[in-house]
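Student: Before we start, here is the structure in question, set down as C-alpha cells.
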Amino acid sequence: MPILSRQPVSISDVVAVARGGDKVSFAAVTERDLRLSRSIVEAALAADAPVYGLNRELGAGKDVAVSGDELEEFQRRTIRNSSGGIGAPLPAEQARAVVYTRLVGFSRGGAGVTPELARQYAELLNRSVDVAIPRTGSVGAADLTQLAAIAAVATGGGRAVVGGAVVDGAAALADAGLEPATLAPHEALASLSGNSYSVGVGALVLHDLARIVNASDLVVALSVSVTGGNPSPFSPPVQAAHRSIGQAASAARIRALLVSAAEPVSVQDPVSFRAAPQVHGAFAEAVSAAAASVTLELNSSTENPLVDLESGQLVSGGNFQVVGLALAFEQLRLALGHVAATSERRTARLSGLAAGARRAGQTRVPGLLWYSAAAALAEVKALANPVSLSVTPLSEGAEDHSSNAALALQLLERSAELTRTVLAIEAVSAAEFALLHPGILLSEPLQQVVALVSASLELHADALVELVKNHLFD
C-alpha cells in the first residue's frame, strides 16, 4: 500500500495505484503538513490580504474581490466554470493515475487543502470510484478541466464510470459509501492547480515505452538473423568506441539474441540494420530523460498561489508551466519516429528478399502488410511535429502562454501505439522469412516469435499483427 509521506514518489507508484489497484494512505507527517498548510491559508483569509483564488477571483478577474459571504459559492462556481472538458472519458487506469497524482500534490503541502479533502481523494481511489475525466480541455498550464472533473465528483457532482456506464457523481459516491465533500475557501483553485493529467498519464505512457526499448532490439535481432546480417556493428569494440550508454545496452541486447552461424551475406548491411543500436540507444536515453522530467513534476509543488510551509506565506508563482515536460514528450515523438522509420526500412528489405517466394505462391502473410507499416510510419512522422508552441492566449490575456503538455502527451500515446504496430509488422515479416528458410539458427526468444507466427498464419493480417504486438510489448 503506497503511504504518502515526504519521501519521493516514483513512476512505479503511479503504476501500482493506477493499474494494480493499490490503496493509498497517509503517514502521520503528511497529516501534520496538511494541517499546517491549511492553517496558513486560514491565517491569510483572516488577515484579509489580497490572495489570488482565495479572496480574489481567477484569470482576468484576478483583482476582483470575493467577499466573505461569497466564498462558499465561489468554490462551487469555480468548479462549474472549469468543468469545460469534452470527449470520451479516460480509461479507468488513466483516471486513477490523475487522481493519485493530484493527491500526491496535496500531500506536499503546497495546495493548502484540508486533510478532509485529501482523504476524500484517497477514498475515490480506495473505493474504486472511477471519475469520468474528459480527454480534451487542457492547454498545459495546469490541467484545469480534467482536475475539475475530479473535484466535481468529490463534492457530489460531475460524472463517474460504473460498469462501463457513465453515471452521476453523487450516485457513484453513494454506492461507494461516501458523502460529498464541502470545499473550504481556496480549495476549488487548489484542486485544479496541477498538471496531474500530463504527469499521471505521462507516468503510465513512459512505463510502457520502456517495453519498446527492449522489444525493438529483439525485432532487430530477428531481422538480422533471418537475413544473414553482419553482427560486427553490435560488437563490443564498436560500442566502446562511442561510449553511449543507451547505444551500448541496445547492442548488447541484440548481440545476446544472435546465434553464431555461417559467414554473413554481406560485409555491410543497410544502415537500418547496422545502426539500430544508435537509433534505439537514442530512444532509450530520451525515455530516461522524460522519466526524470515526469518524476520531477510528480514530486514538485506546482500550485499557484503556493502555500510555503517555511515562510507561512501564500506566494504567487508559475510552477504550473511545465514546458520542460512538454519538450520531453516532443523529443520522445521524434525519437519514436526514428525507431519506426528504421523498422519500416528493414521490413522493406525483408519484403524484397521474399519477392521470389511470393511470386511462387509460397507466402501466407500479405505482401502489402508492408504498406500498412509505411502508412503507420507516415502518421508517426506527422505526429513528430512540435505542438508546444501552438498556444493561444486565454482569459483576456491574463493567461498569455501555455505549454500544451497534455496535447504533446496525447500525440506521444498515438505515436507509441503506431510504432508498436510498425515493429510488429517487421517481426511478422521476419518470422515468415524464417519459416520459408527453416535452416536458419535462432535463439530461443526469436524462436518463440517465429513459432507464434507459424501457429497463427490462418488469422487475418490485422489479428496476426495484434497477436505479435501483445507478445512483444505486454
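Student: So ASN299 fits all but one of (1) closer than 30 Å to SER443 by Cβ; (2) touching a Pro at 6+ places or on another chain (Cβ under 8 Å); what number is the exception?
Tutor: Every condition holds for ASN299 apart from (1).
Student: Of the residues in the range 408-461, how many are over 32 Å from the mean Cα position of the chain (by Cα) and within 30 Å of GLU330 (Cβ to Cβ)?
Tutor: Adding up the residues that qualify gives 0.
Student: Of all residues in the range 173-206, how many are in a helix (DSSP H, G or I) and closer than 30 Å to GLU42 by Cβ?
Tutor: Final tally of qualifying residues: 11.
Student: Being among the hydroxyl-bearing types (Ser, Thr, Tyr) and touching a residue at least 60 places away in the same chain (Cβ under 8 Å) is the filter here; which residues of the range 58-112 pass it?
Tutor: THR78, SER82, SER83, TYR100, THR101, SER107
Student: Further question on the same structure: Which count do you get for residues in the range 113-144 that are on the phi > 0 side of the Ramachandran plot and among the hydrophobic types (A, V, I, L, M, F, W, C)?
Tutor: So the answer is 1.
Student: Residues of the range 111-163 being among the β-branched types (Val, Ile, Thr) and crowded, with 20+ Cβ neighbours inside 10 Å, which ones?
Tutor: Hits for the range 111-163 are VAL113, THR114, VAL129, VAL131, ILE133, VAL139, THR145, ILE150, VAL153, THR155.
Student: Also, I was wondering about something else. Residues of the range 110-139 being over 17 Å from ALA92 (Cα atoms) and either in contact with a strand residue (DSSP E or B) (Cβ under 8 Å, 6 or more places away or on another chain) or in a helix (DSSP H, G or I) (or both), which ones?
Tutor: Listed by number, the residues that qualify are GLY110, ALA111, GLY112, PRO115, GLU116, LEU117, ALA118, ARG119, GLN120, GLY137, VAL139.
Student: Which one of these is of a type in the set (Gly, Ala, Ser), touching a helix residue (DSSP H, G or I) at 6+ places or on another chain (Cβ under 8 Å), within 21 Å of THR30 (Cα to Cα) and free of Cβ contacts under 8 Å to residues at least 40 places away in the same chain: ALA118, ALA154?
Tutor: Unique residue meeting the criteria: ALA154.
Student: Tell me yes or no: at least one residue of the range 302-317 is assigned to a loop (DSSP other than H, G, I, E, B), at pLDDT 95 or above and either assigned by TED's automatic domain parsing to the domain that holds GLY246 or under 26 Å from VAL220 (Cβ atoms) (or both).
Tutor: Looking through the range 302-317, none of the residues is assigned to a loop (DSSP other than H, G, I, E, B), at pLDDT 95 or above and either assigned by TED's automatic domain parsing to the domain that holds GLY246 or under 26 Å from VAL220 (Cβ atoms) (or both).
Student: Tell me, please, whether a residue that is within 32 Å of the chain's Cα centre (by Cα), touching a residue at least 24 places away in the same chain (Cβ under 8 Å) and over 26 Å from LEU296 (Cα atoms) can be found in the range 39-57.
Tutor: No, the range 39-57 contains no residue that is within 32 Å of the chain's Cα centre (by Cα), touching a residue at least 24 places away in the same chain (Cβ under 8 Å) and over 26 Å from LEU296 (Cα atoms).
Student: Residues of the range 58-82 being among the aliphatic types (A, V, I, L, M) and either closer than 14 Å to LEU183 by Cα or over 30 Å from the mean Cα position of the chain (by Cα) (or both), which ones?
Tutor: Within the range 58-82, ALA60, VAL64, ALA65, VAL66, LEU71, ILE79 meet the criteria.
Student: At pLDDT 95 or above and either of a type in the set (A, V, I, L, M, F, W, C) or over 26 Å from the mean Cα position of the chain (by Cα) (or both), is that true of GLY105?
Tutor: When the stated conditions are applied, GLY105 does not pass them.
Student: I'm trying to understand the selection: among the residues of the range 149-172, which are part of a loop (DSSP other than H, G, I, E, B) and within 13 Å of SER83 (Cβ to Cβ)?
Tutor: Hits for the range 149-172 are THR155, GLY157, GLY158.
Student: Another question about this same structure. Could you count how many residues in the range 25-62 are in a helix (DSSP H, G or I) and either among the acidic types (Asp, Glu) or farther than 25 Å from SER82 by Cβ (or both)?
Tutor: 13
Student: Six or more apart or on different chains, Cβ atoms under 8 Å: show the pairs whose first residue is in the range 3-24 and farther than 15 Å from PRO91 by Cα and at pLDDT below 95 and whose second is part of a helix (DSSP H, G or I) and acidic (Asp, Glu).
Tutor: Final answer for the pair search is ARG6/ASP33.
The values are calculated or read from the model by the stated rules, or taken from the named source; none is laboratory data. None of the values given here were measured: they were computed from a predicted structure. Virtual Cβ from ideal backbone geometry, glycine too; neighbours counted across all protein chains shown.
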